[in-house]
Amino acid sequence: MAQSPISIVGQAGAAEPASFASAKRLFPIVSVLFFAWGFATVLIDSLIPKLKGLFSLNYAEAMLTQFAFFLAYLVMSVPAGVLLSRIGYMRGIVAGLAVMAVGCLLFSPAAALGIYWGFLLALFIMAAGITTLQVAANPLVAGLGPPATSHSRLNLAQALNSLGAFVGPFVGAALILKNGVAPPDPSKLSAQALTAYRQTEAQAVQTPFLGIAAVLTVLAMVFWFQRNAPSAPRAARNETSLSSFRLFASRPRLALGALSIFLYVGAEVSIGSLMVSYLMQPKALALQAATAGRLVALYWGGAMVGRLIGSGVMLKAPAGRVLTVCALGAATLAAISAGSTGWLAAGTIIAVGLFNSIMFPTIFTLAIERLGTEAPQGSGLVCMAIVGGAVVPLITGVAADHWGLSLALIAPIACYLWIAIYGWLSGSGRLDGPRPTCLA
């Protein structure tokens, strides 16, 4: 029997593809995870302008929130792959949900103390849990059905991620940005008064994350009871983390796919993180913080709509070709926004979300395609590349401090141009090596 592009291997080493009929029942439950981490992650877009004003930060310092969050992907992705190979996808998901809940709960002491690094620590721990979920859920969804429809299935699951990202900005605007983002004037406040002000305003930041922690606890219980579900495939053995890196040398599709994930996440996060400040500019719409925060939902809503459309398009069109078209579309819209004003500048930057839609799941499945039994290791390496969400936004923030928000868009534009090249290379077969050994 030919090896599937997304291989699921049992503990004994024999191929054990999941029963596709029973897997359909598990797919909706796993897909809920995509909504949960999409909702939690997008709240950072509202958190950034709030903390920027609260602690009188510049753009580069404010982007440390994204740095702390996405650094977890670099630190935790390979260990998460090792963990999954030993305890399985379902128990790994339970562990990820538990760690993510702990991170959300840490927003409470961070708010009580009113210090910036406390929020950074909470974000890092929350992201460590999300990393484990990403490493588990992406290949799990790809394996819950026929290999030929893995791209479409993962895009459908990612549409729920975008739904969470669409809802999140409304919650962030209502709870985090409701009192504005204007920084306090240290010259008019004593040290004690400034600390008290920051503690009071920080209370608004913790509320949505405490609610998320409660929901995650319920989800962890659901997955614990489903841990022995017969339709859940089991991950391949992966006894060492260091040996996984050899795949980069032998699998150019994986190596360049990881680079593309690095740049894509960096571009998407850079635009989302600066969106509120961008829309508040006189050059754009000069909006109030809460109003701008609600418009950010359209950016992520476009991604949701695009993923629903893309899930169907890629049943007929080659994934690499669709990726190239979308990346070029995103680069073009960002360039138009940088060079324009008013509603054109605002509308085009928001519309980038529509073209972002299919990029992550498509790059992910293209990168780990043809890895066979090495798919779990490849998944960990690709998820590790999500650290681009720490690096590229920091570069974009430095550019914004020096040249302004419009010219700072050059950084994500460059990222999209490379992704277009990767889509063309992967679609043309130039990145394909020999197929992995089949298991009869």
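Summary table below
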item	result
Residues of segment 243-278 that turn out to be β-branched (V, I, T) and either surrounded by fewer than 24 Cβ atoms within 10 Å (Cβ to Cβ) or within 27 Å of G429 (Cβ to Cβ) (or both), as a count	2
Evaluation of L133 against (1) over 16 Å from the mean Cα position of the chain (by Cα); (2) hydrophobic (A, V, I, L, M, F, W, C); (3) closer than 24 Å to G353 by Cα (one fails), failing number	(1)
Unique match (being buried (at least 20 other Cβ atoms within 10 Å of the Cβ) and at pLDDT below 70) among S7, S19	S7
Members of segment 48-65 found to be surrounded by fewer than 21 Cβ atoms within 10 Å (Cβ to Cβ) and in a loop (DSSP other than H, G, I, E, B), listed by number	F55, S56, L57, N58
So A284, is it part of a helix (DSSP H, G or I) and either over 21 Å from G164 (Cβ atoms) or touching a helix residue (DSSP H, G or I) at 6+ places or on another chain (Cβ under 8 Å) (or both)	no
Failed item in (1) free of Cβ contacts under 8 Å to residues at least 40 places away in the same chain; (2) not in a helix (DSSP H, G or I), with L333 passing the rest	(2)
Flag for S340 being farther than 25 Å from S311 by Cα, over 21 Å from the mean Cα position of the chain (by Cα) and in a loop (DSSP other than H, G, I, E, B)	yes
Filter pass, L47 being of a type in the set (A, V, I, L, M, F, W, C), within 18 Å of P208 (Cβ to Cβ) and out of contact with any strand residue (DSSP E or B) (no Cβ under 8 Å at 6 or more places or on another chain)	yes
Some residue of segment 294-305 being part of a helix (DSSP H, G or I), farther than 24 Å from V82 by Cα and over 18 Å from the mean Cα position of the chain (by Cα)	yes
Among the candidates A95, A182, A174, residue that is assigned to a helix (DSSP H, G or I) and either at pLDDT below 85 or farther than 26 Å from A72 by Cα (or both)	A174
Filter pass, A408 being surrounded by fewer than 19 Cβ atoms within 10 Å (Cβ to Cβ), modelled with pLDDT of 95 or more and at negative phi	no
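The values are calculated or read from the model by the stated rules, or taken from the named source; none is laboratory data. Every value quoted in this text rests on a predicted model; they were computed, and no experiment measured them. As a convention, Cβ positions derive from the backbone with ideal geometry for all residues, glycine included, and neighbour counts pool all protein chains shown.
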